[in-house]
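Engineer: Before we start, here is the structure in question, set down as structure tokens.
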Amino acid sequence: DSGVGLGALQRLPGATGLASIGVDARGENQILVAPGVNLALRHDAVSDALLCRCDALLLQGETDARQNLLLLERAHRLGVRTLLNNAPAQDLSPRLLQALDVLVVNAHELQRSAASCGITGGGPMDWLAELADRHALTVLLTLGEEGVAARCAGRMLRLPALAVPVLDTTGAGDTFAGVFAAASCE
């Protein structure tokens with residue numbers, strides 16, 4: 001009724017994925033993920049015809065990393081803007097980075113992403129810049145109440161967060177990635 005296409009919806013046997021979210025002593029989310037049937041998703045379930053109708057493809061880390069890679073590569077070959085919200089954080093291969101236009105991470109995910117590329121010296125802003133510059137990516141680092149930092153085409157950008165009452169930050173990174181993907185298509 002809201003105009004969301006369900007033509008590519010799949011129903012697979014098995015238990016759905018589950019995430020259990022707790023909060024540590026500093027107020028940071030601690031998320032335990034049991035991927036379940038999410039690991040059964042396959043890249044070829046998304047047809048080239050469907051990809052060609054898309055302005056962007058946004059993926060995240062709760063599915064099989066190899067399937068994400070294969071889908072990103074196809075989308076990239078077809079000229080579709082490719083985005084990865086590396087949450088939960090997975091190691092990033094050179095092949096995946098070649099097919100990627102935009103990487104969205106929080107501080108923990110940035111550290112894991114950079115380390116998987118052999119980037120360990122310095123601090124978060126150094127990792128952000130080197131990851132973006134080395135792989136010709138736009139890298140967005142979400143900083144919670146401090147806003148967002150980005151490295152794009154050799155430029156560092158910072159934007160403050162909007163002041164809003166926060167009840168729970170669960171899903172904030174996913175929401176940010178989705179809104180950014182949609183806004184970048186506009």
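Just so you know, all these numbers are worked out from the coordinates, no wet-lab data involved. Predicted model only: the values in this text are computed from it and were never measured. No Cβ is skipped: glycine too gets one built from the backbone with ideal geometry, and neighbour counts run over all protein chains shown.
Engineer: Could you give the radius of gyration (one decimal) and Dmax (whole number) of the Cα atoms in region 74-147, in Å?
Structural biologist: Computed over the Cα atoms of region 74-147, radius of gyration and Dmax are 11.9, 37 Å.
Engineer: Out of region 1-104, which trypsin sites (Lys or Arg not before Pro) are coil in DSSP terms and have no more than 10 other C-beta atoms within 10 Å?
Structural biologist: Of the trypsin sites (Lys or Arg not before Pro), the ones in loops of region 1-104 whose Cβ has at most 10 other Cβ atoms within 10 Å are Arg11, Arg26, Arg53.
Engineer: Radius of gyration and Dmax for the chain's Cα atoms, expressed in Å?
Structural biologist: Using the Cα atoms of the chain, the pair Rg, Dmax is 16.7, 51 Å.
Engineer: Can you give the calculated 222 nm mean residue ellipticity of the chain, where each DSSP H run of n ≥ 4 adds -39,500 (n - 2.57) and the sum is split over every residue, rounded to the nearest 500 deg cm²/dmol?
Structural biologist: Helix-only estimate at 222 nm: -9500 deg cm²/dmol.
Engineer: Something else: Rounded, prolate or oblate: which fits region 1-59 when a ≥ b ≥ c are the square roots of the eigenvalues of the alpha-carbon gyration tensor, with rounded for a/c under 1.5 and prolate only if a/b beats b/c? Walk me through the numbers before you get to the answer.
Structural biologist: Details: a/c = 2.51, a/b = 1.83, b/c = 1.37.
Since a/c reaches 1.5 and a/b is larger than b/c, the shape of region 1-59 is classed as prolate.
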